Amino acid sequence: MHLCLSVSLNKMCLCVPGLDSDESCEGTSEASFKDAVVYGGAQKNNGAVPQNGIKKHRSSLPAPMFSRNDFSVWSILKKCIGLELSKITMPIVFNEPLSFLQRISEYMEHTYLIQKACSQSDTIERMQTVAAFAVSAVASQWDRTGKPFNPLLGETYELTRDDQGFRLISEQVSHHPPISAFHTESLTGDFVFHGSIYPKLKFWGKSVEAEPKGTITLELYKHKEAYTWTNPFCCVHNIILGKLWIEQYGTVEIVNHSTGEKCVLNFKPCGMFGKELHRVEGYIQDKSKKKRCVIYGKWTECMWSVDPQVYEAHRKLEKKGTADTKKQKQEEPEAVNEDADEMPEVQETVAVIPGSTLLWRISSRPPHSAEVHTHCYVNVIFPSCRCHDNNFTLCCIRIQTIKVILFM
């Protein structure tokens, strides 16, 4: 027997297989379901009813985010240094109201890059666009210090975006270790984007590091190409004390298995003075290992491409101009805070090298996103998911509810 218990912000209903939602939640006010999407029926609320062929979705979350400043997890984490965090029970205050399966859908925030790659005829240009998409897929993690909820084994999440031309399904395929798999395909049959993620977490005293094990694959059917890569490391600082901040670092290699071309991207750690915070630099080489272009930018902002010779000439001039500044900084004593890793000042714009071509610029987040867990548009306007089992199909609202499935 399968039961699904949905605890709303101010309502509680018990959904039993075999009963319609109106019968199983009798007495629940209509307002409790104002953001719901009813699958398989003609009625769709929250402004999602098609009007002149256009679907409208919500523009904000139903409840603001509460502050985490009054909570401390040191009493729990001080015994867990160096351990794998998936086996440690954490206070729910440090979660965001999303399943990790739904968080995966944010990879598709900049789907237009895949569609652009499908239309390009030059292989190097396609690799540039795919590299920009690989960076954009992790851009939504900026300032996302909340941990998504762990999905249950066999849980699934589905998303269809007619406006961006894709549909996605993700599933929790393993419990120990926790592995999530996803599959995205174009509604017009142009591409397939799929992979599996095993986010291995470790606690290192002041920070939590996530190693996103698993391979991601993008297939472009028109060009008969397959690209693979893995995501960079992600680190959340000041878990115990201070303001939480996030950085990503590590080497990402994107390989075109059809042509032998490779793109190597270096997500740089912030370093002692924070100059490299959020910076990404790399290059594309052909099958003969000749550098064809250099890619640079920030994963929180934008990515550019430029000719390798132009890039090297610019770097030489830049080193000459900053030599005196570096000497001056080394002579000045730096204030050290032993209690917290203060986030360095962020230079908001990338210094563009003359002759560069813009590959990607991050989409703006919804207004007041800081009050709603800094969600991007994907998880603000699409709050619902569909949970599948062999015996029943249930529509539940993840943004407004805490879902617990009991197997009896």
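Brief remarks on what is shown
- Selected residue (only one of Gln172, Gln128 is in a strand (DSSP E or B), touching a residue at least 12 places away in the same chain (Cβ under 8 Å) and farther than 24 Å from Ile239 by Cα): Gln172
- Once segment 131-162 is narrowed to residues that are of a type in the set (Val, Ile, Thr) and in contact (Cβ under 8 Å) with a residue 40 or more places away in the chain, the residue that is nearest to Lys116 (Cα to Cα) is Val135.
- Scanning segment 219-260 for residues that are of a type in the set (Ser, Thr, Tyr) and part of a strand (DSSP E or B) yields a total of 4.
- Within segment 179-205, the set of residues being surrounded by fewer than 18 Cβ atoms within 10 Å (Cβ to Cβ), in contact (Cβ under 8 Å) with a residue 40 or more places away in the chain and on the phi < 0 side of the Ramachandran plot comprises Lys200, Lys202, Trp204.
- Qualifying positions in segment 206-215 - free of Cβ contacts under 8 Å to residues at least 40 places away in the same chain and either touching a Leu at 6+ places or on another chain (Cβ under 9 Å) or not small (Gly, Ala, Ser) (or both): Glu209, Ala210, Glu211, Pro212, Lys213, Thr215
- Residue within segment 120-137 that is farther than 20 Å from Glu253 by Cα and touching a helix residue (DSSP H, G or I) at 6+ places or on another chain (Cβ under 7 Å) present: yes
- Restricting the first member to segment 257-273 and to residues that are of a type in the set (Ser, Thr, Tyr), and the second to residues that are part of a loop (DSSP other than H, G, I, E, B), the beta-carbon pairs closer than 9 Å and six or more apart or on different chains are Ser258/His223; Ser258/Lys224; Thr259/Asp286; Thr259/Lys287.
- The set of residues from segment 192-218 being assigned to a strand (DSSP E or B) and over 20 Å from the mean Cα position of the chain (by Cα) comprises just one member, Phe203.
- The residues of segment 181-230 that are aliphatic (A, V, I, L, M) and modelled with pLDDT of 95 or more, listed by number, are Ala181, Leu187, Val192, Ile216, Leu218, Leu220, Ala226.
- Subset of segment 166-178 [surrounded by 18 or more Cβ atoms within 10 Å (Cβ to Cβ) and at pLDDT 95 or above]: Phe166, Leu168, Ile169, Ser170, Glu171, Gln172
- Cβ pairs under 8 Å, 6+ apart, first in segment 92-105 and over 9 Å from Gly146 (Cα atoms) and assigned to a strand (DSSP E or B), second among the aromatic types (Phe, Trp, Tyr) and at pLDDT 90 or above: Ser99/Tyr157
The values are calculated or read from the model by the stated rules, or taken from the named source; none is laboratory data. Quick caveat: nothing in here was measured; it's all calculated off a predicted structure. Neighbour counts are summed over all protein chains in view; Cβ atoms, including those assigned to glycine, are modelled from backbone coordinates with ideal geometry.
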